[in-house]
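So the structure is just underneath, and the comments pick up after that.
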Amino acid sequence: MIADFGYGILVTALVVALYAAGAAIYGARKPSARAVESARRAMLLIWPLLTVAALALIYLLVNDHYEVEFVYQVTSRSMPFYLKVTALWGGQAGSLVFWSWLMALFASAVTLRNWARDREFLPWVIVVTAITIAFFLAMVVFFENPFARFWQTASGVDAYTFRPAGGLPVTPEDGRGLNPLLRHPGMIIHPPMLYLGFVSFVIPYAFAMAALITGRTDDRWIRITRRWTLWAWLFLSLGLVLGARWAYDVLGWGGYWGWDPVEISALMPWLTGTPFLHSVMIQERKGMLKHWNMFLIILTYDLVIFGTFLTRSGVLSSVHAFAQSAIGPMFFAFIGLTLITSLALLFWRWPDLRGETEMKSLLSREALFLFNNLLFLSILVVCFWGVIFPLISELVTGQKVTVGPPFYERATSPLWGALLLLMGIAPLSAWGRSTAKTLGRVLWKPALAALLVVAAVYFLAGVRNVVALIGFTLIAFTGFVTLYEFWRGARARQKAHRESLPLALWRLAGRNRRRYGGYIIHISMVLMAIGILGIEVFQTETQGTVQLGEALALDRYTLTYTDIARFDVPDGRNVTRAVLQVTRDGKAVAELHPRIDYYYDSQQPMTIPGLYSTLADDLYVILVDWEPASAVGATFKVFHNPLVNWLWIGALVFIFGTLVAAWPEREPAYVPVRAAATASGKA
Amino acid sequence: MQRMKFVLGGLLILAAVIWLIATSTQASAEYFMTVEELQAKGESVIGKNLRVSGAVIGDTIQYDPETLTLKFTVAHVTGDNKEIEAQGGLAAVLKEAVNDPNRPRLQVVYHGPRPDLLRNEAQAIMTGHLGEDGIFYADELLLKCPTRYEEAVPQQVEQ
């Protein structure tokens with residue numbers, strides 16, 4: 001009953017979305033304010049409808065309705081309540097519903113804003129968001145219905161939306177259960193964050209399209225969506241970082257990023273969204289790079305759709321991609337169609353989007369921002385090449401050739417390094433014209449400090465690894481430059497306003513949130529770079545089989561194996577848990593419990609590491625093997641991951657920086673008055 | 001004059017990126033092969049980076065936890081998706097491959113923790129190289145069990 005009801009609601013939502021798009025087009029062409037208003041109201045109806053549909057699905061999930069195929073696939077009786085709820089996005093059909101629900105939430109929020117100044121954008125924003133929602137709902141309604149139920153027919157048991165002729169309902173005793181890899185608290189937050197990032201990038205895209213269609217191609221669309229973009233970017237970045245942390249905690253290979261196609265597909269919109277975020281500033285300030293910004297947001301939108309498809313299609317890492325899911329061709333058709341339409345609109349408006357000024361100097365702020373964009377896109381090209389290379393090589397040579405993580409690491413690391421360097425220089429360069437001399441004047445102090453740090457790393461810490469030395473140089477340089485910017489700004493304000501230094505710093509950042517929020521984000525990137533460099537370059541490992549009481553040693557740590565136990569826990573797992581006493585330089589520091597969880601329902605073991613984490617390094621232990629009957633002892637693998645914690649600390653700083661930058665500013669009229677008053681007061 | 005500088009700068013970046021992509025592709029290209037293709041090519045592929053997929057034969061799995069040495073044998077499965085579909089899906093193809101004694105088989109050696117998903121009739125995607133002894137030495141193992149999880153995340157094991 002509930003299942004039929006839920007499906008009916010989904011169909012209704014699809015019809016309403018199509019109506020909203022149709023009425024908005026009609027209202028804009030006619031023009032008819034009534035039709036647009038009707039479209040707007042239809043748009044506002046979609047989210048409540050999808051809320052009901054999602055709740056219906058959650059109801060089925062938490063109440064063990066295994067006659068529904070989706071519920072059967074992603075839950076089982078032994079799963080805890082929170083996982084049954086989050087199983088909503090544990091499979092493809094439910095993910096699509098969840099995606100549409102989030103999209104509708106954002107689309108509703110945007111239709112509720114004050115449109116007085118931008119009336120002409122409204123219908124087209126509705127058209128773009130409604131079509132996007134309608135596409136996802138069509139996938140759900142026609143191909144991946146999460147409410148399909150099992151029926152017994154002459155040809156066997158299968159899932160159908162409607163009762164087939166002569167079909168008898170079938171209710172399995174228990175579900176298959178969620179994939180053990182997904183049974184983790186990270187499941188609550190990582191997919192929603194990523195999806196939030198995905199859907200919120202649709203809003204700036206919708207405004208960009210509205211600007212192209214209406215011909216109002218000034219920077220108004222950018223100013224409206226500035227904050228949306230920043231939030232979108234925050235969510236997407238957090239989604240990526242949370243995924244990395246989850247991988248580190250659960251996947252048990254001592255790493256956080258494996259360059260598999262799904263990770264790459266989630267990274268790709270970030271690689272276009274980040275330069276977009278930067279280059280819109282150039283457009284606002286100098287009226288340049290207009291084509292470029294349009295191009296970036298179009299690309300971001302289609303990469304978001306692509307990413308949504310790939311992250312949930314279940315055809316990961318395999319070269320046999322895309323064929324298993326019926327919705328693959330649909331997604332590609334939709335991506336192709338939206339890409340061609342958007343680019344056609346862009347070329348149609350090409351003459352209107354000409355820059356208002358020319359680039360004057362290679363070291364000017366705008367030129368360096370352009371380089372930053374090119375570097376991001378270069379990384380995107382590398383990623384894209386890596387993903388499609390197997391297809392190309394098969395077409396050309398008939399031999400399928402793939403590239404693995406070493407390809408991405410080798411090809412992107414110089415580009416990341418160059419980005420890090422630019423991140424240090426660009427904020428200090430002047431608009432319009434900048435020379436090596438003017439730049440040198442502000443850069444030499446931080447550069448000197450960076451050299452001192454690297455000298456210390458070389459001589460005192462004895463690091464001889466070239467990659468690490470280059471990396472530390474860039475990190476130290478960019479870090480110092482950014483900190484020095486805070487210092488210079490705060491000092492200047494301190495002198496001008498006779499404030500204490502902390503107060504000056506606080507007010508300085510408060511008055512220029514976007515700028516200083518950006519600097520905080522840059523610092524967070526530097527911190528993350530420290531963590532990444534640490535684990536990538538300095539990770540060491542050891543492994544061995546030990547008897548009770550024996551020990552393994554790695555770096556300054558000694559791990560003594562003291563106990564092991566195997567027991568059942570109520571949620572359907574069998575746990576094998578080892579106890580290790582850890583000492584560093586002879587002093588006891590921690591007790592670690594690496595374990596193996598065996599899931600009875602899926603007959604699959606999961607290796608959960610034991611982790612001792614400090615600011616300097618992580619000790620990461622996995623229990624590889626233990627047989628109760630044998631006398632061989634237990635086998636452990638131990639990783640020593642220096643500095644990796646800075647990756648996660650950087651992520652926290654990153655959230656803070658983005659919040660500073662995205663926080664609503666005070667009335668803009670206030671600032672010039674104040675500035676004028678101070679200027680005249682000084683004179 | 002200024003324009004020239006920008007064009008030159010752009011070309012320089014473009015050249016650098018193309019160079020990076022080309023050399024990195026060469027350095028890390030892995031030739032994707034089925035077991036049959038691998039054995040047909042024989043000695044010509046010894047030492048090259050290869051990526052081979054096959055069906056794990058459960059009875060052959062041996063694990064020595066002392067040395068973390070994992071040995072098993074895989075049976076040939078077709079790499080062609082349409083063929084897999086035609087033969088009733090991946091699960092059926094894997095099952096048939098394991099039970100067919102005439103299929104070309106390949107011995108695999110891997111050092112590291114025993115992957116959680118390794119079991120009979122799993123699909124193994126192995127990255128490594130073929131030794132002169134005809135044994136495949138895998139550096140990385142990716143496993144997929146289509147029987148239970150159509151949508152499983154393959155487990156990644158790295159050395």
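How many of the residues making up segment A:38-48 are surrounded by 15 or more Cβ atoms within 10 Å (Cβ to Cβ) and free of Cβ contacts under 8 Å to residues at least 12 places away in the same chain?
The initial filter retains those residues of segment A:38-48 that are surrounded by 15 or more Cβ atoms within 10 Å (Cβ to Cβ), namely A:38-40, A:42-47.
Those left that are additionally free of Cβ contacts under 8 Å to residues at least 12 places away in the same chain: none.
Number of matching residues: 0.
I need the full set of residues from segment A:379-404 which are part of a helix (DSSP H, G or I) and over 19 Å from the mean Cα position of the chain (by Cα), in order please. Even if it seems obvious, please write down each step before you answer.
At the first step, the residues of segment A:379-404 found to be part of a helix (DSSP H, G or I) are A:379-397.
Listed by number, the residues that qualify are A:W385, A:G386, A:I388, A:F389, A:P390, A:L391, A:I392, A:S393, A:E394, A:L395, A:V396, A:T397.
Being hydroxyl-bearing (S, T, Y) and part of a loop (DSSP other than H, G, I, E, B) is the filter; apply it to segment A:148-198 and report the residue that is least open to solvent (accessible area, probe 1.4 Å).
A:T161
If I filter segment A:214-230 for residues that are closer than 30 Å to A:L533 by Cα, open to solvent by 10 Å² or more (accessible area, probe 1.4 Å) and under 12 Å from the mean Cα position of the chain (by Cα), do I get at least one hit? If you could, list the steps in order and put the result at the bottom.
So the first thing to find is which residues in segment A:214-230 are closer than 30 Å to A:L533 by Cα, and the list is A:229-230.
Subsequent filtering for residues that are open to solvent by 10 Å² or more (accessible area, probe 1.4 Å) retains A:230.
Now restrict to residues that are under 12 Å from the mean Cα position of the chain (by Cα): none.
No - not one qualifying residue is present in segment A:214-230.
Answer yes or no as to whether A:S524 is at pLDDT below 85, polar (S, T, N, Q) and open to solvent by less than 60 Å² (accessible area, probe 1.4 Å).
No: the conditions fail for A:S524.
Does segment B:49-64 hold any residues that are within 11 Å of chain A (Cβ to nearest Cβ), open to solvent by 20 Å² or more (accessible area, probe 1.4 Å) and within 18 Å of B:P115 (Cβ to Cβ), and which are they?
B:R51, B:Y63, B:D64
Run A:S95 past the list (1) outside any helix (DSSP H, G or I); (2) of a type in the set (S, T, N, Q); (3) within 14 Å of chain B (Cβ to nearest Cβ) and report the number of the one that doesn't hold.
For A:S95, the failing item is (1).
Being touching a strand residue (DSSP E or B) at 6+ places or on another chain (Cβ under 9 Å) and either modelled with pLDDT under 90 or within 13 Å of chain B (Cβ to nearest Cβ) (or both) is the requirement here; does A:L623 meet it? Talk me through it step by step, then tell me what you get.
Working: touching a strand residue (DSSP E or B) at 6+ places or on another chain (Cβ under 9 Å): yes; either modelled with pLDDT under 90 or within 13 Å of chain B (Cβ to nearest Cβ) (or both): yes.
The answer is yes for A:L623.
Please work out which one of (1) surrounded by fewer than 19 Cβ atoms within 10 Å (Cβ to Cβ); (2) over 19 Å from the mean Cα position of the chain (by Cα) is the condition B:L68 fails and give its number.
(1)
Could you check, for segment A:197-211, whether at least one of its residues is in contact with an Asp or Glu (Cβ under 6 Å, 6 or more places away or on another chain) and not assigned by TED's automatic domain parsing to the domain that holds A:R514?
Taking segment A:197-211 as the starting set, the residues that turn out to be in contact with an Asp or Glu (Cβ under 6 Å, 6 or more places away or on another chain) are none.
Among the residues of segment A:197-211, not one is in contact with an Asp or Glu (Cβ under 6 Å, 6 or more places away or on another chain) and not assigned by TED's automatic domain parsing to the domain that holds A:R514, which makes the answer no.
Go through segment A:1-46 and report how many residues are of a type in the set (D, E) and either over 22 Å from A:I213 (Cα atoms) or in contact with a Cys (Cβ under 9 Å, 6 or more places away or on another chain) (or both). Quick ask: steps written out before the conclusion?
Start the filter on segment A:1-46 by keeping residues that are of a type in the set (D, E), which leaves A:4, A:37.
Of the ones still in play, those that are also either over 22 Å from A:I213 (Cα atoms) or in contact with a Cys (Cβ under 9 Å, 6 or more places away or on another chain) (or both) are A:4.
Summing the residues that are of a type in the set (D, E) and either over 22 Å from A:I213 (Cα atoms) or in contact with a Cys (Cβ under 9 Å, 6 or more places away or on another chain) (or both) in segment A:1-46 gives 1.
Looking at this structure, is A:E284 assigned to a helix (DSSP H, G or I) and more than 27 Å from A:G534 (Cβ to Cβ)? Spell out the reasoning first.
Details: assigned to a helix (DSSP H, G or I): yes; more than 27 Å from A:G534 (Cβ to Cβ): yes.
For A:E284, the condition - assigned to a helix (DSSP H, G or I) and more than 27 Å from A:G534 (Cβ to Cβ) - is met.
Identify the residue in segment A:381-390 that is modelled with pLDDT of 90 or more and open to solvent by less than 20 Å² (accessible area, probe 1.4 Å) and, among all such residues, is nearest to the other protein chains (Cβ to nearest Cβ).
Once the filter is applied, the top-ranked residue is A:V382.
Would you mind stating whether A:L483 is of a type in the set (A, V, I, L, M, F, W, C) and open to solvent by 50 Å² or more (accessible area, probe 1.4 Å)?
Spelling it out, A:L483 is indeed of a type in the set (A, V, I, L, M, F, W, C) and open to solvent by 50 Å² or more (accessible area, probe 1.4 Å).
Considering every residue within segment A:64-83, establish whether at least one is within 19 Å of A:L196 (Cα to Cα), not acidic (D, E) and not assigned by TED's automatic domain parsing to the domain that holds A:A210. Steps first, please.
Within segment A:64-83, the first condition is being within 19 Å of A:L196 (Cα to Cα), and the residues that meet it are none.
Checked against the condition, which is being within 19 Å of A:L196 (Cα to Cα), not acidic (D, E) and not assigned by TED's automatic domain parsing to the domain that holds A:A210, segment A:64-83 yields no hits at all.
Any residue at all in segment A:238-246 that's over 14 Å from the mean Cα position of the chain (by Cα), closer than 27 Å to A:T402 by Cα, of a type in the set (F, W, Y) and within 14 Å of chain B (Cβ to nearest Cβ)? Give the steps one after another, and end with the answer.
Here is the first cut: in segment A:238-246, the residues over 14 Å from the mean Cα position of the chain (by Cα) are none.
No, that holds for no residue.
Picking from A:D571, A:D585, A:D597, A:D601, which residue would you name as being among the acidic types (D, E) and more than 19 Å from A:S78 (Cα to Cα)?
Details: A:D571 fails: more than 19 Å from A:S78 (Cα to Cα); A:D597 fails: more than 19 Å from A:S78 (Cα to Cα); A:D601 fails: more than 19 Å from A:S78 (Cα to Cα).
Within the list A:D571, A:D585, A:D597, A:D601, the selection yields A:D585.
Of the residues that sit in segment B:25-48 and are farther than 13 Å from A:Q399 by Cβ and within 8 Å of chain A (Cβ to nearest Cβ), which one is most open to solvent (accessible area, probe 1.4 Å)?
Filtering segment B:25-48 for residues that are farther than 13 Å from A:Q399 by Cβ and within 8 Å of chain A (Cβ to nearest Cβ), the one most open to solvent (accessible area, probe 1.4 Å) comes out as B:A27.
Among the listed residues A:L452, A:L448, A:L439, A:L508, which satisfies the condition of being surrounded by 15 or more Cβ atoms within 10 Å (Cβ to Cβ) and either more than 22 Å from A:A661 (Cα to Cα) or in the same structural domain as A:V381 (by TED's automatic domain parsing) (or both)?
Details: A:L452 fails: surrounded by 15 or more Cβ atoms within 10 Å (Cβ to Cβ); A:L448 fails: surrounded by 15 or more Cβ atoms within 10 Å (Cβ to Cβ); A:L508 fails: either more than 22 Å from A:A661 (Cα to Cα) or in the same structural domain as A:V381 (by TED's automatic domain parsing) (or both).
The unique qualifying residue is A:L439.
Collect the residues in segment A:391-408 that are more than 7 Å from every other protein chain (Cβ to nearest Cβ) and crowded, with 20+ Cβ neighbours inside 10 Å, keeping them in residue-number order. Spell out how you get there, then give the answer.
Step one: of segment A:391-408, the residues more than 7 Å from every other protein chain (Cβ to nearest Cβ) are A:391-398, A:405, A:408.
Across segment A:391-408, the qualifying residue is only A:Y408.
Kindly list the number of the only condition in (1) under 30 Å from A:K637 (Cα atoms); (2) open to solvent by less than 20 Å² (accessible area, probe 1.4 Å); (3) modelled with pLDDT of 85 or more that fails for B:A97.
Result: B:A97 passes all but (1).
If we scan segment A:116-134, do we find a residue that is open to solvent by 30 Å² or more (accessible area, probe 1.4 Å), of a type in the set (D, E), touching a residue at least 24 places away in the same chain (Cβ under 8 Å) and more than 22 Å from A:F306 (Cα to Cα)?
We begin by selecting, within segment A:116-134, every residue open to solvent by 30 Å² or more (accessible area, probe 1.4 Å); these are A:116-117, A:119-120, A:124, A:131.
Then drop every residue that is not of a type in the set (D, E), which leaves A:120.
Adding the requirement that they be touching a residue at least 24 places away in the same chain (Cβ under 8 Å) leaves A:120.
Still in the running and more than 22 Å from A:F306 (Cα to Cα): A:120.
Within segment A:116-134 (the criterion being open to solvent by 30 Å² or more (accessible area, probe 1.4 Å), of a type in the set (D, E), touching a residue at least 24 places away in the same chain (Cβ under 8 Å) and more than 22 Å from A:F306 (Cα to Cα)), the answer is yes, since at least one residue qualifies.
Of these, B:L118, B:L106, which one is closer than 26 Å to B:E132 by Cα, modelled with pLDDT under 85 and of a type in the set (A, V, I, L, M, F, W, C)? Show your work before the answer.
On the way: B:L106 fails: modelled with pLDDT under 85.
Only one candidate qualifies: B:L118.
Out of the strands (runs of 3 or more DSSP E) lying entirely within segment A:568-632, which hold 1 or more residues that are without any contact (Cβ under 8 Å) to a residue 60 or more places away in the chain and open to solvent by 60 Å² or more (accessible area, probe 1.4 Å)?
Values: elements: A:573-584, A:587-592, A:595-599, A:604-608, A:610-613, A:617-625.
Answer list for segment A:568-632: A:573-584, A:587-592, A:595-599.
From the set of residues in segment B:100-139 that are of a type in the set (D, E) and away from chain A (no Cβ under 14 Å), which is surrounded by the most Cβ atoms within 10 Å (Cβ to Cβ)? Spell out the reasoning first.
Step one: list which residues in segment B:100-139 are of a type in the set (D, E), which gives B:100, B:116, B:121, B:132-133, B:139.
Filter again for away from chain A (no Cβ under 14 Å), leaving B:100, B:132-133.
Details: B:D100: 13, B:E132: 8, B:D133: 10.
Here the answer is B:D100.
Looking for whichever is surrounded by fewer than 24 Cβ atoms within 10 Å (Cβ to Cβ), in contact (Cβ under 8 Å) with a residue 60 or more places away in the chain and over 21 Å from A:F306 (Cα atoms) here; the options are A:Y82, A:Y59. Which one fits? Explain how you work it out, then say what you get.
Working: A:Y59 fails: in contact (Cβ under 8 Å) with a residue 60 or more places away in the chain.
Exactly one residue qualifies, and that residue is A:Y82.
Quick one: count up the residues across segment A:272-297 that are buried (at least 23 other Cβ atoms within 10 Å of the Cβ) and either within 15 Å of A:V382 (Cα to Cα) or aliphatic (A, V, I, L, M) (or both).
Total satisfying the criteria: 7.
The values are calculated or read from the model by the stated rules, or taken from the named source; none is laboratory data. This structure is a prediction, so every number in the text was calculated from the model and none was measured. Every residue, glycine among them, receives a Cβ derived from its backbone with ideal geometry; neighbour counts consider all protein chains shown. Remember, those area values only see protein heavy atoms, side chains included, never the ligands or the DNA or RNA. Shrake-Rupley method; radii C 1.70, N 1.55, O 1.52, S 1.80 Å.
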